[in-house]
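Worksheet for the structure shown next.
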Amino acid sequence: RRVHGVDGQALHYIDQGSGPAVLLAGSYLWDSAMWAPQIAALAPHYRVIALDLWGHGESGRLPEGTASLDDIARQAQALLDHLGIDQVTLVGLSVGGMWGVRLALSAPQRINGLVLMDTYVGVEPEPT
């Protein structure tokens, strides 16, 4: 496990393997450990990054000022910048797919492929 500061909070992630980069973006109520079987299968051939969503696993609480999926996508992009990764294949489950799509829309040149599982693509609901 590694850590990088993003917007004043500690963002924990796993970085294993080498080769083309794969970013695993998980669901609420899980941390990066949920991806252990996929990491084991992919790491011999790919550089696999799996992050702990804010408030999950070892990551800090949601950074102040974070108000949208676009903010989370920007924060994930900051991690990719820190790691020197120009392009990824993003695998998003649930909320990971929701912000993964936002990353793909805001920086399409950084996305080699996009895998979406059990997620929603559309307008965020208004806060109540």
Residue list for region 57-85, filter: acidic (Asp, Glu) and under 15 Å from Gln109 (Cα atoms): Asp81
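Residue by residue, here is whether (1) modelled with pLDDT under 95; (2) open to solvent by 40 Å² or more (accessible area, probe 1.4 Å); (3) of a type outside the set (Gly, Ala, Ser) holds:
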site	(1), (2), (3)
Met34	yes, yes, yes
Ser68	yes, no, no
Gly92	no, no, no
Ile111	no, no, yes
Leu114	no, yes, yes
From the set of residues in region 99-109 that are over 12 Å from the mean Cα position of the chain (by Cα) and open to solvent by 20 Å² or more (accessible area, probe 1.4 Å), which is farthest from Asp70 (Cα to Cα)? Gln109
Would you check which residues across region 47-63 are open to solvent by 80 Å² or more (accessible area, probe 1.4 Å) and in contact with a Gly (Cβ under 7 Å, 6 or more places away or on another chain) and list them? Arg61, Leu62
When you scan region 36-46, how many residues do you find that are surrounded by 17 or more Cβ atoms within 10 Å (Cβ to Cβ) and under 17 Å from His56 (Cβ atoms)? 1
The number of residues in region 70-85 that are open to solvent by 20 Å² or more (accessible area, probe 1.4 Å), hydrophobic (A, V, I, L, M, F, W, C) and within 16 Å of Gln9 (Cβ to Cβ) is 2
Subset of region 1-18 (residues that are open to solvent by 50 Å² or more (accessible area, probe 1.4 Å) and in contact with a His (Cβ under 6 Å, 6 or more places away or on another chain)): Arg1, Val3
Matching residues in region 19-32 (under 15 Å from the mean Cα position of the chain (by Cα) and open to solvent by 70 Å² or more (accessible area, probe 1.4 Å)) number 3
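The values are calculated or read from the model by the stated rules, or taken from the named source; none is laboratory data. Predicted, not measured: the structure shown is a model, and the values here were computed from it. Because the Cβ atoms are built from the backbone with ideal geometry, glycine has one as well, and the counts that use them run over all protein chains shown. Each accessible area value is taken on the protein alone, full model and side chains, heavy atoms only, with ligands, DNA and RNA left out. Shrake-Rupley method; radii C 1.70, N 1.55, O 1.52, S 1.80 Å.
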